[in-house]
Amino acid sequence: MSETRDKLTVLSTTAILGYGFPVESFEEGLRRNPDVLAVDAGSTDPGPYYLGAGVSFTDRAAVKRDLRLMLTAGRARKIPVIVGTAGGSGADAHLAWCLEIVREIAREEGLSFKMAVIGAEIPKDALRKELAAGRIVPLPPGGPLALEDLEAATRVVGQMGVEPFISALAQGAEVIVTGRSYDPAVFAAYPIWQGFDPGLALHMGKILECASIAALPGSGSDCMLGTLYQDCFELEPLNPARVCTTTSVAAHTLYEKTNPLLLPGPGGMLDLRETVFEQVNERVVRVKGSRFVAAAEYTIKLEGARKVGYRTVSIAGARDPVFIAKVDEIIAGVRARVADNFRELEGKYTLLFRIYGKNGVMGELEPEKEAVAHELGIVIEAVAPTQEMANTVCGFARSTMLHFGFPGRLATAGNLAFPYSPSDFKAGEVYRFAVHHLLKVQDPCELFPLSWEQVG
């Protein structure tokens, strides 16, 4: 760590690497002479498929575009470039995918740099030992980890905190690319290494991880500048069309939290009970009072996905008011017809109907029970142990609903309108999160191997 400083700036380019950002916003950020360029490259928001299958949910060309701007600017200014949760989910396959893009850009642009690579996929052998020793514990509201789920998970990652990043920075890393990371750590590690308050740094990182989503109007595809002082930090969107307000920043502080005042993470808790938001000018907000409280035991979150089958989907629409009024009865009838026709498949498949215009978003939690739409969007989904079985169940359910007879039906040509031909889509493998637990560790870096590569 260098001598303690009074001020430090972090430029966050976009909410997720590959989501893009205006070049004008980026150049405005560079004119502020940032100390580090950082970006979060992943999320569990798109669901378990991408972790389980080992593929990225972001497009390669889009990721390469964003990375090219960041790497060329970072090397020209000799400031670190930090990428967290590479490839979207941060397992070894995702990390390798992102690293190949980095090397490709370096070749094309003639760049040379010392790159730290930090893995986050944890071997099953190590996890079996930790489970047997009682060091893997539930993450509420979930229950204990079942050995069967651990064994079935295709890959398991751990969310690293700031410590592996700081280790890489202390050893002279010019570019850092990591596997699964605690999102705020990507932005907080450099300031904490430079001696700034962990509570302020992590809270600023919590905002910067989503870039300009905390601005008005919010956007996940635009840049945000965080300026950290010894007793506060300030946030400013770099697009003149956006502003930060105390409301927008405070609202984003509540984002993805079960408790509005406490945010748990690797090694401790971010305590926001004394946090104050101040409007500096029409575009800038100052935040102070956030504290980090270390935990008695250091824990990291584990994420793992297991395959549960294959999916087939059919999309249709309905506008007949009589059909709409009786749609619940029709669905029950279709279910019964499928079950009767394929008795030998009982218990082997799942058949879902998502009815948009009724309760397609919230399901049984939908409060507007009496609302009636003039048309419905219907998604029929079958999940089964094989793609062929899923195809069979979905196809039969679709054809049955298309021609299902009900009291008051006038037309005989069909109940559904299909926007696509073919009407059924083979969606492939289906995964669920099977490992979502906490692991107690002695050393925050022990499960995250650091390797070095001289690129260029």
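Taken together, the values in this text are just the output of simple stated rules run on the coordinates, not laboratory data. Quick caveat: nothing in here was measured; it's all calculated off a predicted structure. Note: ideal-geometry Cβ built from the backbone for every residue, glycine included; neighbour counts use all protein chains shown.
A few points about this structure:
- Each Lys or Arg adds one and each Asp or Glu takes one away; over the other residues whose Cβ falls under 12 Å from the Cβ of Glu163, this sums to -2.
- Relative contact order computed over the chain (Cα-Cα under 8 Å; 6+ residues apart), in percent: 20 percent
- Using the Cβ of Ala152 as centre and a radius below 9 Å, the other residues enclosed give a net charge of -1, where K and R count +1 and D and E count -1.
- The range 34-110 shape via C-alpha gyration tensor axes, a/c threshold 1.5: prolate
- Shape of the range 320-416, Cα gyration tensor, a/c cut at 1.5: oblate
- Farthest positive-ward along the chain dipole, Cα basis, beta-carbon charges - from Gly42, Gln194, Ala73: Gly42
- Prolate/oblate/rounded call for the range 230-329, Cα gyration tensor, a/c under 1.5 rounded: oblate
- Estimated vicinal HN-Hα couplings, Hz - the range 168-185 in sequence order (Karplus 6.51, -1.76, 1.60; Gly, Pro = x): 5, 5, 5, 9, x, 5, 9, 9, 10, 10, 10, x, 4, 10, 5, 3, x, 4
- Were the residues from Ala76 through Glu104 laid out at 0.36 nm apart, the gain over their Cα-Cα distance would be 8.3 nm.
- Estimated [θ] at 222 nm from DSSP helical runs (n ≥ 4, -39500 (n - 2.57)) normalised by residues in the chain, nearest 500: -9000 deg cm²/dmol
- Other-chain or far-sequence residues with amide H under 5 Å of Tyr298's (modelled H): Val441
- Part-to-part distance (alpha-carbon centres) for the range 146-173 and the range 7-58, which is given in Å: 19 Å
- Along the axis of the charge dipole computed for the chain (Cβ charges of +1 for Lys and Arg, -1 for Asp and Glu, origin at the Cα centre), the listed residues Leu99, Ala427, Cys394 are led at the positive end by Cys394.
- The fewest-to-most ranking of Val313, Val39, Val249, Val280 by surrounding Cβ atoms within 10 Å reads Val280, Val313, Val249, Val39.
- Listing Arg32, Arg273, Arg65 from fewest to most neighbouring C-beta atoms within 10 Å gives Arg273, Arg32, Arg65.
- The chain: angle of helix 92-109 to the longest principal axis, Cα-based, in degrees nearest 10: 60 degrees
- For the range 226-296 and the range 353-388, distance of Cα centres in Å: 37 Å
- Near-label residues of the range 15-42 by backbone N, under 18 Å of a point 7 Å along Cα→Cβ of Asn281: 25, 28-34
- Long pairs among Lys129/Lys307; Lys307/Lys348; Lys307/Lys369; Lys124/Lys307; Lys7/Lys78, criterion Cα-Cα beyond 26 Å: Lys307/Lys369
- Charged neighbours of Cys223, selected by a Cβ distance under 12 Å, balance to -3 (K, R count +1; D, E count -1).
- R0 of 22 Å, Cβ-Cβ distance Val322-Met362: FRET efficiency to nearest 0.05: 0.30
- Neighbour-limited loop hits for trypsin sites (Lys or Arg not before Pro), the range 75-184 (at most 15 other Cβ within 10 Å; DSSP other than H, G, I, E, B): Lys78
- For the range 374-391, 3J(HN,Hα) computed residue by residue from phi via the Karplus equation (6.51, -1.76, 1.60; θ = phi - 60°) reads 7, 8, 10, x, 10, 10, 9, 10, 10, 10, 8, x, 10, 5, 5, 5, 4, 4 Hz, glycine and proline entered as x.
- The range 292-302 - phi-based ³J(HN,Hα) in whole Hz, Karplus 6.51/-1.76/1.60, Gly and Pro as x: 9, 10, 5, 8, 5, 10, 7, 10, 10, 7, 9
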